[in-house]
Structures are given as structure tokens and as C-alpha cells.
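The values are calculated or read from the model by the stated rules, or taken from the named source; none is laboratory data. Treat the numbers as computed from the prediction; the structure is a model and nothing was measured. As a convention, Cβ positions derive from the backbone with ideal geometry for all residues, glycine included, and neighbour counts pool all protein chains shown.
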Protein chains: 2
Amino acid sequence: MRICLIGAGNLATRLGITLSEKGHQIVQVWSRTIKSATELASKLGCEYTTDLTSIASQTDIYIIAVTDAAIPTILAKGSWGSTLVVHTAGSIPMDILAPWCLNYGVFYPFQTFTAEKKIDFDTIPVCLEASTPQNLEVLSELARSVSGDIKFLDSDQRQQIHLAAVFVCNFVNHFYAIGEELLREKGIGFEILKPLILETASKAILQSPGSSQTGPAVRDDKIIIDKHLTLLNTHPDLKNLYALISERIIQTHKNYNGIF
Amino acid sequence: MRICLIGAGNLATRLGITLSEKGHQIVQVWSRTIKSATELASKLGCEYTTDLTSIASQTDIYIIAVTDAAIPTILAKGSWGSTLVVHTAGSIPMDILAPWCLNYGVFYPFQTFTAEKKIDFDTIPVCLEASTPQNLEVLSELARSVSGDIKFLDSDQRQQIHLAAVFVCNFVNHFYAIGEELLREKGIGFEILKPLILETASKAILQSPGSSQTGPAVRDDKIIIDKHLTLLNTHPDLKNLYALISERIIQTHKNYNGIF
């Protein structure tokens, strides 16, 4: 397929490189700044522009991969004709495209992207939604060319997986950072946490995390919990978080056992 | 070495099996209940007892692997002679052993253990502390026979890594469970989160998590944050957690950029 990429951030970069490797033709990159536009265009060996009124018309699809807040302006400024237009955002309903495009949909690769880190696209769930069955067929074909894991989710479900992702990815990463911070205070390197981080993730892949909780809270071990809360006296924000999450684990676990 | 195992829970089980595989001789297992004592003893092909006054005296080391709360009673009831005694607890200072034992220390494998899940002990950091350099030498030798990663930490540092572990393992797993719960409400299977969970963990191994935060909070993307808070109106506890952690990410990130 001929593809015009609107955006040049982490997702646009990973997506552009992968689509290109899979034999698609990236015809043009648009970005707000000339720097990022040329950078990505040179990686992809394609044209670039910073002017939405001069985006390529000879394309099979426009893929909008920009921050959520920029989507409405981009939609209003471009002229899309009858070409298929998709956005790649978890929390933006598909209908945002309706006033501006005849054929539209959503192409949401459900993964965290870092510009520097190469990622195997093949295992990334790609969540699709489209305005017509024909458009969904086109998106499915495109998605299948880069990933073995296609999901059909509506806007409501997509919004929910984005919310879940904030907990299991963004907040989890912040908790890794808290661990790093706590160790640094005692002169201990972050490496010591790595086997534990990997085992915790790999356990969640094999067993339902809801039913394989470990630690002081699930045992309702008040001695350890109190000891940890005392250690956190100098970090009131962490102490508060520790107490809230421990309480939620205690309550959830009671529910699992049918006590409540 | 000849080893007497005091305890028959997840850690005692994994440790006993691993030590036995590495050629050590488990001479006896003690457990509070006859059921768990016989279960583990049969796995290890050794004697068992539920009576602390009749634990084996012909051993090179006693390894106490029980819940923290049970340690003081066990220490008071056993007769340890001059044999080396270690506990395996993150948050219990080594000195708890001093009134009861002549030679003592701590042998703390820093990992999450589930009785059912086999684990490669070789990559687990084993944190050691001992009452004398000679005892530390004995513990180092024992630790090196099962793991390639030996750390020497004092009681204060060990307590801190245990606290960090609650954040990066127990709380992280609870957040996986929250993800599972949020998806279930919209009829979506947990599988869709797995590639994200693995990538988030593997990214933290390669890059400092403190400096590779992603998501709406680090971008201070108030539109998405407000949308997610609204979605969580029916879960006041999760809404509260979402707001607190997002705020902490926003503040931490500002600090990283030197704005505060």
C-alpha cells in the first residue's frame, strides 16, 4: 500500500520503519517541525512536508500518529478526499474523523514505543475499528502485514484498554522508578531489582495476576506493613501510596476468598 | 553441606529443591504441620519433624525459612549449639539471632517465589550478612553453589530492598490485576495486555525507568488524564490512585528537568 504518515514521533517512527520493511511504500511524512519531518523522511527515503495543505494526494491511506490534542487541528486543516484516514490513538473515539473524512477508521498498535528501542512489531496487538466493513477489510490487511495479533475493538473498549495500559505500563514503570529511587538512597544499584522485575512480569503472563498476588498485604502481615510505613516517614507521598495500595490488596484478596 | 531446613513454604520448597540438586544434603525438614513437613521431606528424600526440640544436631547449617512473625518463637524453642543459623527474611535484622545463636547470619534470596512455578535460581541475587568473616565465608560458598549473583548487604540495606520489592513486585502485580479487572468489565481478555507488560519490564532492564517514563502523566496531558479520571468515576479507589500516581509522575518529571 501507499502510505502517507502524519506525524514523526515515537509511534510514527516505529510504524513507518516497520511498514516500509514489510514492503509498503511510505510516500510522504508530514510533521509540524522541519527537523523531525526531515529526520524521519530520511530514514524512510521519502518526501516530507510541514504544510498540511500540500500533503500527498496519491496515497491509499493517511495514518495520523500525533499527540491526541493535535488531532482535531490536523483533521480540520487537511483535505482528505475519499482516501481512507485512520488515527492511532487509544482514547480518541473513531467518530472524531466523521465530519472530515468519507472513509475512516482507527489503527491502534497497543504497545509502548520508544524512538531508540527497536521492537518486534509482529507480537503487538493491533486494534482496529472502521467506518465500513470494506474499510475494516483494508485495515485488517494492512495490520496483518505487520502483526500476527489483530483485535477488533470499538471506541469504548479501546478507551478502556488505554486506561488499563496506564496502570500496567506507565504506573508500573513509575513504580520501577520508585524502587530505583529507594535503592539509590542506600547506595544500592538498580541491577539487584532486575531479576525480580522480570520474574514478576513473566509470572503474570502464566498465571492470572489477580489470583497470584504475593507480599505482605495479601498475607495481611501488619508487622511488615507497619515497618515499611515507618521507613517511608520521610516520603509522605510514598507512604500514602503504600498504605492505599496495601489496603486495596487486602480488600481485594478478602473478596477473592468470599469473606465479603 | 549438610542442611537442616526450618520451614516448608514457597521459599523453603524452592530452596530445598535447588540446594539438593546442587549436591547438598538436606538432612531434615521441620514444619509446624505434619502435612507440609512430610510433603517437602518426600520431595527432598529426607527426615522430617514437627518438634523443634528434636531437630537434627548433625548438620552444618540451619536455614530458617518461615514467615517473619514465626522467627522469634522458633529461635526461642530450638537448641542451636554452635552450628551456623541463618534466616531468609528481608525485613528482619540479623541481630534477632544474636541472643539465641553463637554463629549466625542472613541468607536472603531476592526473588518472588511461588510453590508451583520452577525458577532458575542461578540468576537470583542472594544477599548475605553474617556475624563473623568466617561465617560470611561459609555463606558465600553456599550461595555461590546455587547462584551467580552474590551481594553483601547489611540489615538496613536489606530492609530497603525489601521495601523496594513491594513496589516493583507486589504493587506492580496488583496493577496487573487492576488491568485484568478493567478489561473484564468490557469483555476483553487479559492476553491483550501481555506484550505491553513484557515490553515495559524489558525496557526497564535496558534503560533507567526514572528517565524513560511514558504516558499521559509525564506529558502532563490533562485531557487524557481527565478522561481517565471520568472513566474511573465508578471506582473511587482507583480514581484516587490514578490521580495520586499521575501527580507524582508529573512532579518527578518536573524535578528531572530541573524546573523545581
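Tell me whether the range A:230-240 contains one or more residues that are outside any helix (DSSP H, G or I), of a type outside the set (A, V, I, L, M) and out of contact with any helix residue (DSSP H, G or I) (no Cβ under 8 Å at 6 or more places or on another chain). The answer is yes; a qualifying residue exists.
Of these, B:LEU232, B:LEU238, which one is more than 7 Å from every other protein chain (Cβ to nearest Cβ) and touching a Lys or Arg at 6+ places or on another chain (Cβ under 8 Å)? Checking each option against the conditions leaves just B:LEU232. Taking the condition under 30 Å from B:ALA204 (Cα atoms) and either polar (S, T, N, Q) or touching a helix residue (DSSP H, G or I) at 6+ places or on another chain (Cβ under 8 Å) (or both), does A:PRO125 pass? Considered against the rule, which asks whether it is under 30 Å from B:ALA204 (Cα atoms) and either polar (S, T, N, Q) or touching a helix residue (DSSP H, G or I) at 6+ places or on another chain (Cβ under 8 Å) (or both), A:PRO125 comes out as yes.
Scanning the range A:19-36 for residues that are under 22 Å from A:LYS117 (Cβ atoms) and either at pLDDT below 95 or crowded, with 21+ Cβ neighbours inside 10 Å (or both) yields A:LEU19, A:ILE26, A:VAL29, A:SER31. If you go through the range A:1-26 one residue at a time, how many are part of a helix (DSSP H, G or I) and closer than 21 Å to A:GLU137 by Cα? Looking only at that region, the number is 5.
Would you mind stating whether B:LYS117 is among the charged types (D, E, K, R) and under 26 Å from A:VAL218 (Cα atoms)? Yes: the conditions hold for B:LYS117. With the checklist (1) facing chain B (nearest Cβ under 7 Å); (2) under 14 Å from B:TYR176 (Cβ atoms); (3) in contact (Cβ under 8 Å) with a residue 24 or more places away in the chain in hand, flag the one item A:VAL218 doesn't pass. For A:VAL218, the exception is condition (1).
Please tell me if B:HIS174 is assigned to a helix (DSSP H, G or I) and more than 7 Å from chain A (Cβ to nearest Cβ). No; evaluated as a whole, the condition is false for this residue.
Look at B:SER202 and say whether it is within 7 Å of chain A (Cβ to nearest Cβ), without any contact (Cβ under 8 Å) to a residue 60 or more places away in the chain, of a type in the set (Gly, Ala, Ser) and farther than 27 Å from A:ILE250 by Cβ.
Criteria not met by B:SER202.
Here A:ALA56 meets the list (1) without any contact (Cβ under 8 Å) to a residue 40 or more places away in the chain; (2) in a loop (DSSP other than H, G, I, E, B) almost entirely, failing just condition (1).
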